[in-house]
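Worksheet for the structure shown next.
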Amino acid sequence: MRSTHGKPAREVPDLSTAWLRVFLEVARSGSFTVAARTLGWTQSAVSRQVASLEAALGGAALFDRLPRGVRLTEAGRALVPHAEAVAESLLGAARELTALREVAGGRLRFGAFPTADAALVPHTLAAFRARHPHVRVSREEGLTPSLLDRLATGHLELAIVSTTGGVPLEAYELHHLLDESLYVAVPAGHPLAGAGEVPLDRLADADWISGGPRPEGTLLAAALRRGFRPRVAHVVAEWTAKQGYVAAGLGVALVPALAAGSVRPDVVLLRVLDEGAPARAVYAATARGRSLAPAARAFLTALREAAARIPG
């Protein structure tokens, strides 16, 4: 092997960690016999390990063999701090890996679409932090397409996504959490406020408040399946603001089950009667072919538990 300067490079010895462990034990005890007893090895095995280490280091004697025990040579004294550093580094790595395995450390990066933050994410985080307080958790909010992009590039370990908008999900590992029912939010004085439930086409002539100007790609696509095109009177992205518009009598709005628990008192929710498939499914998505860390697996368990407690 040659160095970058054209001179022969000095070979770096391939040292066994077992050799270093034995070396340190002999150095501490000053005896092959005591070291062998501590390690649970035979004295001859300890002697062979030390001889192998000395050979790997170019034949330098690490111990003076005395009538009673051994004593470090100058070469041995020089090696001690390096061997201790290697041993400490390996011990630190073992501790960190144990913490990851036992979900007692490490990190978790996840993302969720906005409506999931109403109940699903807070309940999940509360349970997860109670069980695993030492895991560093970071959360991102975004729509399903952007969350999936972040997942694909490795910036997230897990993303809570939905089928709203027909985003292709086949490229990801999907963990089903729930199928959401839909509700219609109407003002408290609306003629249908006491109905409890309603077919969506009963509101075909209503003004609608939606997150987009067109029903395609939004929850209002359910209206298209019921045979009518809703009239979007106001485009409002944030759910709290939508409630204000509904309460003021400016229109009605669709509400997914994940947000149903946070409705204000001057707004009434009517369950949508839909004989077809649920309005949307909610999944925890992970990258296909990528190992799921123990913290992510534990978070997925907490997600499933929280999802099971959400009505509808």
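Any residue at all in the stretch 176-184 that is buried (at least 20 other Cβ atoms within 10 Å of the Cβ) and farther than 14 Å from Pro256 by Cβ? No; the residues of the stretch 176-184 include none that is buried (at least 20 other Cβ atoms within 10 Å of the Cβ) and farther than 14 Å from Pro256 by Cβ. Among the residues examined, Leu156 qualifies as aliphatic (A, V, I, L, M), over 18 Å from Ala259 (Cα atoms), at pLDDT 90 or above and in contact with a strand residue (DSSP E or B) (Cβ under 6 Å, 6 or more places away or on another chain). Residues of the stretch 238-283 that are in a helix (DSSP H, G or I) and either among the hydroxyl-bearing types (Ser, Thr, Tyr) or modelled with pLDDT under 90 (or both): Trp239, Thr240, Tyr245, Ala257, Leu258, Ala259, Ala260, Gly261, Ser262.
Of all the residues in the stretch 200-231, those that are among the aliphatic types (A, V, I, L, M), buried (at least 17 other Cβ atoms within 10 Å of the Cβ) and not in a helix (DSSP H, G or I) number 4.
Residue-level analysis places Leu292 among those that are surrounded by fewer than 18 Cβ atoms within 10 Å (Cβ to Cβ) and in contact (Cβ under 8 Å) with a residue 24 or more places away in the chain. Here Leu79 fits the description: modelled with pLDDT of 90 or more and at negative phi.
What pairs come up if the first residue lies in the stretch 25-41 and is of a type in the set (Val, Ile, Thr), the second is assigned to a helix (DSSP H, G or I), and their beta carbons are under 8 Å apart, counting only those six or more places apart or on different chains? Hits for this filter: Val26/Phe32; Val26/Ala35; Val26/Val46; Val26/Val50; Thr33/Gln43; Thr38/Glu25; Thr38/Ser29.
So which residues in the stretch 45-73 are of a type in the set (Gly, Ala, Ser) and part of a loop (DSSP other than H, G, I, E, B)?
Keep residues of the stretch 45-73 that are of a type in the set (Gly, Ala, Ser), which gives 45, 47, 51-52, 55-56, 58-61, 69.
Correct list: Gly58, Gly59, Ala60, Ala61, Gly69.
Does Arg21 satisfy the condition of being in a helix (DSSP H, G or I) and in contact (Cβ under 8 Å) with a residue 40 or more places away in the chain? Before you say what the answer is, go through the steps one by one.
Details: in a helix (DSSP H, G or I): yes; in contact (Cβ under 8 Å) with a residue 40 or more places away in the chain: yes.
For Arg21, the condition - in a helix (DSSP H, G or I) and in contact (Cβ under 8 Å) with a residue 40 or more places away in the chain - is met.
Looking only at the stretch 125-148, decide whether some residue is buried (at least 18 other Cβ atoms within 10 Å of the Cβ), touching a Leu at 6+ places or on another chain (Cβ under 6 Å) and outside the structural domain of Ala253 (by TED's automatic domain parsing). Checking the stretch 125-148: at least one residue is buried (at least 18 other Cβ atoms within 10 Å of the Cβ), touching a Leu at 6+ places or on another chain (Cβ under 6 Å) and outside the structural domain of Ala253 (by TED's automatic domain parsing).
The values are calculated or read from the model by the stated rules, or taken from the named source; none is laboratory data. All of these numbers come straight from a predicted model, not from anything done at the bench. As a convention, Cβ positions derive from the backbone with ideal geometry for all residues, glycine included, and neighbour counts pool all protein chains shown.
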